[in-house]
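Nothing in this text is a laboratory measurement; each read-out follows from the coordinates by a stated rule. Everything numeric in this text was worked out from a predicted model, so none of it was measured. Here Cβ is always computed from backbone atoms with ideal geometry, including for glycine, and neighbour counts include all displayed protein chains.
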Amino acid sequence: MKYRTIGTDPTTRREVSVLALGAMLFGSVTDEATSFAVLDRYVEAGGNFIDTSDNYAFWTDGGQGGQSEELLGRWRRSRGIGDEIVIATKLGARPLAPGTGYTDNPEGLSAKVVRESAERSRERLGLEKLDLLYAHIEDHTVPLQETVEAFAALVAEGTAGLLGVSNHAVWRVERARALAAAAGLPGYEVLQYAHTDLRPRTDVPDALFPDGSLGHAGPDLLGYLRAEPGLTLVAYSPLLKGAYAHPERLPADFDHPGTPARLEALREVARETGASVNQVVLAWQIGGEPPVLPLAGVSSVAQLEENLAAVDLELTPEQRARLDAAH
Ligand SMILES: NC(=O)c1ccc[n+]([C@@H]2O[C@H](COP(=O)([O-])OP(=O)(O)OC[C@H]3O[C@@H](n4cnc5c(N)ncnc54)[C@H](OP(=O)(O)O)[C@@H]3O)[C@@H](O)[C@H]2O)c1
């Protein structure tokens, strides 16, 4: 395994594995025995960066989520896991009632929600301190200042370590960080966005982002990261939910003329290296400039093994340049 530092403050920064594990479907779609086997193998291979959220996976049973955090809590207790494993969680997108969702009825990012939801996550996970806590989605009903102060209060009382943000417009991330800096408070340092080798159209509205998806790491976000090397990009859905292995799963916003050229470049490098396309994607992210920390979900130990092997795959500068240039 290889490791990277996330965060800059010596009191909160952590050394994490360059491949993060997504636990979104653990305890719901993925049964407990399989989830535990994947988690055990990930830790055995040196992995120490696991991702969940207070709302995972509410859509699988029409509830409010929490199954993933609860499973991770049971796994931690049964294995005697301490703070050597970084478990990142998120708040803000938990539906307020069963049968609703994060588009129509999210908990949001008020000071009350930040305080109470972080407390519930700590209970489900069995943690004194959340090593990394993200704001999951934007909340336009609450002043940014209130959210910034609420997150910082958790750091001050020692119940949160690093702060992160997901699916926010880059200007909101920058404004929140500027508000925090001006007040001498800790700001968001870990940015979680969808990112993979294939590039989506960004002008396709969806239910959450009617102006075009804010969830994808686009050129504005990558430019921001280059300017702020202390920030880390964590890439969710790096394997496009299995679409590289199952092309029929490719989402509609990837159906455009740039996709075949990028897929062909990936396949070419996969042939040259003897690796799978999934592994080339992950290795390309890990060794990229700026580096990207892929957060992959898996439903079996076999998939995890394939993804872990990507950590040791070194692409040549020429292969990297070819992958970057394809369009
Ligand atoms: N911040 C956010 O808004 C947000 C949004 C989405 C996800 N996330 C986080 O990111 C994590 C990963 O996201 P994701 O599950 O969407 O991403 P993903 O890693 O792109 O897809 C995971 C799926 O890809 C398939 N897969 C994985 N490895 C494979 C392999 N080696 N060969 C073939 N198929 C493989 C599996 O599908 P099958 O099970 O069908 O085989 C697996 O369930 C989540 O667990 C969650 O923690 C965050």
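Numerical summary
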| quantity | calculated |
| --- | --- |
| Counted residues, segment 1-20 - those being within 16 Å of the ligand (Cβ to nearest atom) and of a type in the set (V, I, T) | 3 |
| Restricting segment 131-160 to residues that are over 25 Å from H216 (Cα atoms) and touching a helix residue (DSSP H, G or I) at 6+ places or on another chain (Cβ under 8 Å), the residue that is surrounded by the most Cβ atoms within 10 Å (Cβ to Cβ) | A160 |
| Residues satisfying the stated conditions in segment 309-324, i.e. hydrophobic (A, V, I, L, M, F, W, C) and without any contact (Cβ under 8 Å) to a residue 60 or more places away in the chain | A309, L313, L315, A321 |
| Qualifying residues in segment 21-67 (those that are free of Cβ contacts under 8 Å to residues at least 40 places away in the same chain, more than 23 Å from Y193 (Cα to Cα) and part of a loop (DSSP other than H, G, I, E, B)) - the one nearest to the ligand (Cβ to nearest atom) | D31 |
| Residue within segment 215-234 that is more than 30 Å from A325 (Cα to Cα) and away from the ligand (no atom under 11 Å from the Cβ) present | no |
| Residues satisfying the stated conditions in segment 241-287, i.e. basic (K, R) and closer than 22 Å to Q319 by Cβ | R262, R267, R271 |
| Of the criteria (1) buried (at least 19 other Cβ atoms within 10 Å of the Cβ); (2) in a loop (DSSP other than H, G, I, E, B), which one L266 fails | (2) |
| Residue check, G215 under 30 Å from A150 (Cβ atoms) and in contact (Cβ under 8 Å) with a residue 40 or more places away in the chain | yes |
| Total residues in segment 285-327, condition within 11 Å of the ligand (Cβ to nearest atom), surrounded by fewer than 18 Cβ atoms within 10 Å (Cβ to Cβ) and within 21 Å of E268 (Cα to Cα) | 1 |
